[in-house]
Every structure is written in structure tokens, then in C-alpha cells.
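The values are calculated or read from the model by the stated rules, or taken from the named source; none is laboratory data. Please read these numbers as outputs of a predicted model, since none were measured by experiment. Every residue, glycine as well, gets a Cβ built from its backbone with ideal geometry; the counts of neighbours run over all protein chains shown. The accessibility values were calculated without ligands, DNA or RNA, using every heavy atom of the protein model including side chains. Shrake-Rupley method; radii C 1.70, N 1.55, O 1.52, S 1.80 Å.
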Amino acid sequence: MSERKNIHFFYRKGSQFEEQIIRLKNLAIDNGFTLVEQADNANIIASIGGDGTFLQAVRQTGFREDALYVGVSTGQLGFYCDFDIEDISGMIDAMLNEQVEVRRYPTIKVNMENDASFYCLNECSIRSGIIKTLSLDLYIDDLFFERFKGDGMIISTPTGSTAYNKSLDGAIVDPKLPCMQISEVASINNNHYRTLGSSFILSDSRSLDIRLVNEGNNFPIIAMDNEALSIREPGSINIRLSDKRIKTVKLKDNSFWHKVKRSFL
Ligand code: NAP
Ligand code: MN
């Protein structure tokens with residue numbers, strides 16, 4: 001049996017869809033797939049849940065570039081879920097079909113001053129953890145760009161542009177453009193504090209440094225997608241586009257723009 005058909009199912013245990021998941025697993029076995037308990041041994045990682053589950057599946061399996069991620073939705077079809085748990089045969093067909101297209105989603109890499117580094121598929125968010133505002137200095141490459149004061153900043157990937165970034169009036173970005181978008185969360189703008197005010201997009205050759213200005217608020221909440229870190233005084237945070245791309249199955253008539261239309265229009 002080809003080891004390219006090792007599949008790992010990622011889902012929350014005790015899921016109300018346990019019955020469908022068992023059917024899905026049996027169908028996978030009947031079609032020549034091998035179920036593997038360890039995601040490390042899988043070539044296909046199937047996330048069952050919503051977009052939030054997909055983000056966790058990618059994070060908990062280490063942003064594998066050599067694996068194909070497949071999102072199976074248990075509710076509405078989201079941005080990372082191309083399949084519906086109720087349409088199992090469609091999923092098996094697509095996976096057995098060697099001709100199926102693969103799309104690659106850009107990710108961003110976040111490096112902390114203490115050398116810890118993280119990848120994000122949606123966004124990195126930096127927000128005040130207390131009721132006081134947060135002050136951040138932004139540097140683009142080596143240029144001091146602005147001092148931000150407000151609730152926080154979101155640095156999103158193209159696929160993350162339809163998530164938190166969209167709620168902040170950021171632009172929706174085609175994932176074929178490798179870039180990152182910086183959006184403000186409630187900036188203070190007056191005669192003392194001035195920021196750009198609009199979202200802006202940086203190319204894959206740019207680097208963004210964010211330094212916390214210590215004004216008594218050194219408790220930011222820093223999150224990588226849907227996972228929050230508790231870091232006190234993070235120092236300088238460097239964010240750039242990473243070389244890592246997340247591979248997913250691309251179904252016919254289900255481009256990113258089909259999804260945008262389906263979800264928002
Ligand atoms: P959540 O609070 O349950 O999710 C918020 C919603 O965002 C859910 O409907 C989720 O879809 C959807 N979503 C996730 N990624 C998306 C994407 N790339 N494009 C469009 N919609 C997307 O938390 P979660 O499910 O763990 O998702 C985490 C994400 O929520 C974060 O990465 C951030 O982007 C977003 N978020 C948004 C706000 C805001 O808009 N004010 C605030 C905090 C976080 P599912 O229901 O399919 O999971
Ligand atoms: Mn969710």
C-alpha cells in the first residue's frame with residue numbers, strides 16, 4: 001500500500017459527530033487509506049470541525065509542509081474546509097483522484113526576542129490584556145514607521161484576511177499574493193498620537209518589528225491564530241512572511257473567491 005495514503009484524523013474527542021467520523025474512517029480504509037494515530041506518520045491530515053479546528057490541526061501537527069491538510073466541516077463550509085462531513089463520498093473521490101489540485105497558503109513567522117518562534121496561518125494578534133491602552137513602536141525593515149496607541153494590532157496572512165482582519169475593515173487579499181497585512185484595533189488618533197489609520201500590506205521581502213513601549217502596560221496578549229501566549233515583556237517581535245506554505249486540496253469551482261462570495265455576498 002502506498003504510504004502516500006496514510007491519513008490522520010484530527011478532531012475534538014467526544015465530538016457529537018463521532019458516528020459520522022467512524023463512517024468516514026471506515027470509508028477511508030475501504031478505499032485503501034491507512035489510518036495513523038500519530039500525525040507525524042501521516043501524509044494527509046484531515047481536520048474535522050470548523051475553521052478554528054483546522055487552525056488547531058495545523059498548529060498541533062507543526063505546520064507540516066510535506067503533508068496535505070484537508071478540512072472537513074461539521075457545520076457551514078468555511079474558508080479552510082472544502083468538504084462537508086455529510087458528503088463523505090465526495091471527499092474520498094477527491095483524495096483518490098491524483099489529478100486533484102493542491103493549493104498552497106502563505107504563512108507568517110513570528111520571532112520573539114528570546115528566540116522563540118511561531119508560525120501563523122490566520123494572523124498574529126497583539127492586544128492589550130488590561131483596560132489600559134497598549135503602545136507599540138512599528139519598524140518596517142529598519143525604518144521607524146509609527147508609534148501606535150490603542151487596543152492592539154493584527155498582522156494577517158492572505159487567508160487570515162477574511163477573519164479578524166476583516167472585522168477591522170482590512171482588505172481581503174488573494175492568497176496567490178504572498179504578503180502580510182497590518183490592521184489596527186482602535187487606535188487613538190489626536191494631536192499627540194498619530195498612526196496611519198488604514199491597513200497596509202507588506203511584501204514577502206519586508207520585515208516588521210514591533211516593540212512594546214513600556215508605559216506601565218506590559219501585559220499584552222499575543223496570539224498565534226486561535227492560541228494565546230502569556231508573555232510578559234516580550235521585547236521586540238519580528239514578523240515576516242515565512243517560506244512555509246500549507247498545502248490543501250483545491251476542489252473544482254471552489255477557489256478562494258468562490259468562498260468569499262459564498263460567505264459574504
Ligand atoms: P472563534 O471565535 O470561534 O471564531 C471566530 C469566527 O471566525 C468563526 O466563525 C470561525 O469559523 C471564523 N474563522 C476562522 N478563521 C477564518 C478565516 N480564515 N476566514 C474567515 N473566517 C474564519 O475562534 P476560532 O474558530 O478558533 O477562530 C480563530 C480566529 O477567529 C482567529 O484566528 C481570528 O481570525 C478570529 N477572531 C476574530 C475576531 C473578530 O472578528 N472580532 C476576534 C477574535 C478572533 P468556524 O466557526 O468555522 O471555526
Ligand atoms: Mn470556531
* Asked: Which residue, Ala94, Ala171, Ala116, has the most motion in a Gaussian network model of the chain that connects Cα atoms within less than 10 Å?
  -> Ala116
* To do: For Asn41 paired with Val102, estimate the spin-label separation in nm (one decimal), with each label point 7 Å from Cα along the Cα-to-Cβ line.
  => 2.2 nm
* Asked: Which semi-axis lengths, in whole Å and largest first, follow from the square roots of five times the eigenvalues of the Cα gyration tensor of the range 107-243?
  -> 21, 17, 14
* Asked: If you find the alpha carbon centre of the range 122-140 and of the range 203-227, how far apart are they in angstrom?
  -> 5 Å
* Asked: What residue among Asn111, Asn165, Asn122 shows peak mean-square fluctuation when the chain is described by a Gaussian network model with Cα springs under 10 Å?
  -> Asn111
* **Apportionment of accessible area to carbon and sulfur, the range 177-237, percent (1.4 Å)** => 49 percent
* Quick one: compute the contact order of the chain, relative version, from alpha carbon pairs under 8 angstrom and 6+ residues apart, as a percent. => 20 percent
* **Stokes-Einstein translational diffusion, the chain - Kirkwood Rh over all Cα pairs, 1.567 mPa s, 4 °C, in µm²/s** => 66 µm²/s
* Asked: Per residue, what accessible area does the chain have, given a 1.4 Å probe and all protein chains present, in Å²?
  -> 49 Å²
* Just Glu19, Glu227, Glu146 to compare: in a GNM of the chain, with alpha carbon springs under 10 Å, which one fluctuates most? -> Glu19
* To do: Return the sequence-ordered ³J(HN,Hα) values of the range 44-61 in whole Hz as given by the Karplus equation 6.51 cos²θ - 1.76 cosθ + 1.60 applied to θ = phi - 60°, using x for Gly and Pro.
  => 10, 10, 9, 9, 10, x, x, 5, x, 5, 4, 4, 5, 4, 5, 5, 6, 9
* Can you give the helix-only mean residue ellipticity at 222 nm for the chain, where every DSSP H stretch with n ≥ 4 adds -39500 (n - 2.57) and the sum goes over all residues, rounded to the nearest 500 deg cm²/dmol? -> -5000 deg cm²/dmol
* Structure fact -> With the label point 7 Å along the Cα-to-beta-carbon line of Ile29 and a cut-off under 12 Å to each amide N, the hits in the range 43-80 are none
* Structure fact -> Given backbone amide H placed at 1.01 Å from N, residues whose amide H is under 5 Å from that of Lys250, ignoring those fewer than 5 places away on the same chain, are Glu101, Val102, Arg103
* Structure fact -> Packing-ranked peptide list from 179-186, 36-43, 150-157, highest mean Cβ count within 10 angstrom first, is 150-157, 179-186, 36-43
